[in-house]
Amino acid sequence: MSQKFDVVVIGAGPGGYVAAIRAAQLGLKTACIEKYQGKEGKTALGGTCLNVGCIPSKALLDSSYKFHEAHESFKVHGISTGEVAMDVPTMVARKDQIVKNLTGGVAGLMKANGVTVFEGHGKLLSGKQVEVTGLDGNTQVLGAEHVILASGSKPVDIPPAPVDQNIIVDSTGALDFQSVPAKLGVIGAGVIGLELGSVWARLGAEVTVLEAMDKFLPAADEQISKEAFKVLSKQGLKILLGARVTGSQVNGDQVTVNFTSAEGEQQQTFDKLIVAVGRRPVTTDLLAADAGVDMDERGFIFVDDQCATSVPGVYAIGDVVRGAMLAHKASEEGVMVAERIAGHKSQMNYDLVPSVIYTHPEIAWVGKTEQVLKAEGVEINVGTFPFAASGRAMAANDTAGLVKVIADAKTDRVLGVHVMGPAAAELVQQGAIGMEFGTSAEDLGMMVFSHPTMSEALHEAALAVNGHAIHIANRKKR
Ligand code: FAD
Ligand code: AMP
């Protein structure tokens, strides 16, 4: 055995690299193994999130939104620009530079914290040994007191639309189009489909989203998802619900997609097709047959609430285990596990993992929805405030959407904050901070909010829970 570590982490995504850094901070001798080769043909840390997920998608969303504003909304401010053009390769190159800076930054953080990075494929053997197959094919075996599996996820493929990364692409391919497709099809109206569909719609593509389910964004609060459907449709995203893709044929530079919907069998032809039907855990060649780590029925590594697997001393975190596939969930699990290995009693509050969809307006929430609480028989009070009544939103010409605060009718404790609107992700985070400390709607209402801010909409929605809103007529007066 070549080297022995306190902690060996497999995978350097936001779960793995954060776990490795925290473990090293706590004085544990830590190694992290990563196999991903970035665009420049070198090992790139940061996982899906930094390389082909959260960050590059947000870079394109921001660029495309600036273009959209220059094209569509500057004129209301009295700004004339002449013709506005988008140079797509420059936009994509800017995105690549951000990825390069951030992945390089993670490498620097690993070094600064004393984490030993191994470039190659990691595999858990029995007895908490980890085999590393380097890029040159040579193998070595590391000994570990503790192993953290953080191998992440990859896009789900569906037989009716096999990805060729040219005409039919997955989320990774959709980050690298070199021109705007005139007609773009998207399979799946989930977070990724809506975000990537929005990027290309803002740049002029005619976008059709085919979604098998009849319901739009079923995990979101129904009031918000209904509003979101209206607003996104008005922006030009053609979202077909109940449309299940059954086949596709690539003909030259186009693809014809077959789908069934309430109207029966249908066909549409697109210049590009993005398959965004979900992600699945990566466990290929991760575990030796005798490693002893159990998986659940869906192929995720089975873990308890503290991310311990069926093998003592072996943990798994992030997208490869149950729960939301979100970078911040992966990172917090990484911190929790590293701290527990170091002997702390750290826990993670899974009830308060916020969700965000970075469309414009953003859609975000934390806690429970009205429909879930009603199904659970919880008596609730609800306060809402529309951005149309917010001075800050009017000043910004950004008035679509609302804030909704849901509180327990008996205790007034806030159980959910749901927002569609400008800065929704930031507003929901304010709600999450309050909820972590057990805030009541009254507590939020008693706080002083700066004027004029988007956050005032959260303040007013919290006041509205008990009929005390000032800047909107209250549904209920007290
Ligand atoms: P990953 O980030 O997938 O990292 C796992 C790493 O392990 C990879 O680098 C992989 O190469 C490596 N690996 C796997 N197996 C091995 C092995 N055997 N040996 C060595 N290395 C291995 N989440 C958000 O919270 N916010 C967002 O805005 C957001 N946007 C997204 C947009 C897109 C387009 C996509 C695709 C995802 C987005 N996500 C977002 C999800 C987010 O990227 C993931 O939830 C997150 O990256 C999961 O982190 P992880 O560490 O579990 O796994
Ligand atoms: P998410 O898991 O949030 O990324 O969303 C993926 C979406 O893709 C889900 O809403 C699925 O219903 C949808 N989906 C999966 N398979 C198909 C299909 N064959 N045709 C259309 N939509 C699909």
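The values are calculated or read from the model by the stated rules, or taken from the named source; none is laboratory data. As the structure is a prediction and not an experimental result, all values here were calculated from the model. Every residue, glycine among them, receives a Cβ derived from its backbone with ideal geometry; neighbour counts consider all protein chains shown. These area figures cover heavy atoms from the full protein model, side chains too; ligands, DNA and RNA do not enter into them. Shrake-Rupley method; radii C 1.70, N 1.55, O 1.52, S 1.80 Å.
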Applying the selection to region 137-158, what residues are within 30 Å of Val275 (Cβ to Cβ) and hydroxyl-bearing (Ser, Thr, Tyr)? Ser151, Ser153
Read through the list (1) in a loop (DSSP other than H, G, I, E, B); (2) within 16 Å of ligand 2 (Cβ to nearest atom); (3) among the β-branched types (Val, Ile, Thr), then give the number of the only condition that Val293 fails. (2)
Within region 109-131, can one find any residue that is more than 27 Å from Lys329 (Cβ to Cβ) and within 12 Å of ligand 1 (Cβ to nearest atom)? yes
Given Arg279, Arg244, which one is under 30 Å from Trp200 (Cβ atoms), within 16 Å of ligand 2 (Cβ to nearest atom) and either open to solvent by 70 Å² or more (accessible area, probe 1.4 Å) or of a type in the set (Phe, Trp, Tyr) (or both)? Arg244
Hits in region 319-336 - residues which are in contact with a helix residue (DSSP H, G or I) (Cβ under 8 Å, 6 or more places away or on another chain), among the β-branched types (Val, Ile, Thr) and either within 14 Å of ligand 2 (Cβ to nearest atom) or closer than 16 Å to Arg280 by Cα (or both): Val321
Quick check: is even one residue across region 118-136 modelled with pLDDT of 95 or more, within 15 Å of ligand 2 (Cβ to nearest atom), open to solvent by 10 Å² or more (accessible area, probe 1.4 Å) and not in a helix (DSSP H, G or I)? no
May I ask you to list the residues in region 228-241 that are surrounded by 16 or more Cβ atoms within 10 Å (Cβ to Cβ) and either out of contact with any Asp or Glu (no Cβ under 8 Å at 6 or more places or on another chain) or farther than 30 Å from Glu72 by Cα (or both)? Ala228, Phe229, Val231, Leu232, Gln235, Leu237
Kindly list the number of the only condition in (1) open to solvent by 20 Å² or more (accessible area, probe 1.4 Å); (2) assigned to a loop (DSSP other than H, G, I, E, B) that fails for Val141. (2)
Testing Val419 on (1) open to solvent by less than 50 Å² (accessible area, probe 1.4 Å); (2) part of a loop (DSSP other than H, G, I, E, B), one condition comes back false. Which one is that? (2)
Within region 159-189, residues of a type in the set (Gly, Ala, Ser) and open to solvent by 30 Å² or more (accessible area, probe 1.4 Å) come out as Ser179, Ala182
Name the one entry in Lys66, Lys58 that is without any contact (Cβ under 8 Å) to a residue 60 or more places away in the chain and surrounded by fewer than 20 Cβ atoms within 10 Å (Cβ to Cβ). Lys66
Verdict on Val311 being assigned to a loop (DSSP other than H, G, I, E, B), more than 16 Å from ligand 1 (Cβ to nearest atom) and at pLDDT 95 or above: yes
If you scan region 208-227, which residues turn out to be crowded, with 16+ Cβ neighbours inside 10 Å and within 16 Å of ligand 1 (Cβ to nearest atom)? Val209, Leu217, Ala220
May I ask you to list the residues in region 314-337 that are closer than 22 Å to Glu131 by Cβ and either part of a loop (DSSP other than H, G, I, E, B) or touching a Leu at 6+ places or on another chain (Cβ under 8 Å) (or both)? Val314, Tyr315, Ala316, Ile317, Val320, Val321
Within region 324-342, count every residue that is surrounded by fewer than 18 Cβ atoms within 10 Å (Cβ to Cβ) and either among the small types (Gly, Ala, Ser) or within 20 Å of Val356 (Cα to Cα) (or both). 3
For region 69-96, which positions are open to solvent by less than 30 Å² (accessible area, probe 1.4 Å) and either within 16 Å of ligand 2 (Cβ to nearest atom) or touching a residue at least 60 places away in the same chain (Cβ under 8 Å) (or both)? Ser73, Val88, Val92, Lys95
Just checking, how many residues over region 11-22 are aliphatic (A, V, I, L, M), open to solvent by 10 Å² or more (accessible area, probe 1.4 Å) and more than 18 Å from the chain's Cα centre (by Cα)? 1
Which of the residues spanning region 422-448 are open to solvent by 40 Å² or more (accessible area, probe 1.4 Å) and more than 28 Å from the chain's Cα centre (by Cα)? Glu442, Asp443, Met446, Met447, Val448
Every residue in region 190-207 that is open to solvent by 10 Å² or more (accessible area, probe 1.4 Å) and within 9 Å of ligand 2 (Cβ to nearest atom), please. Gly190, Val191, Ile192
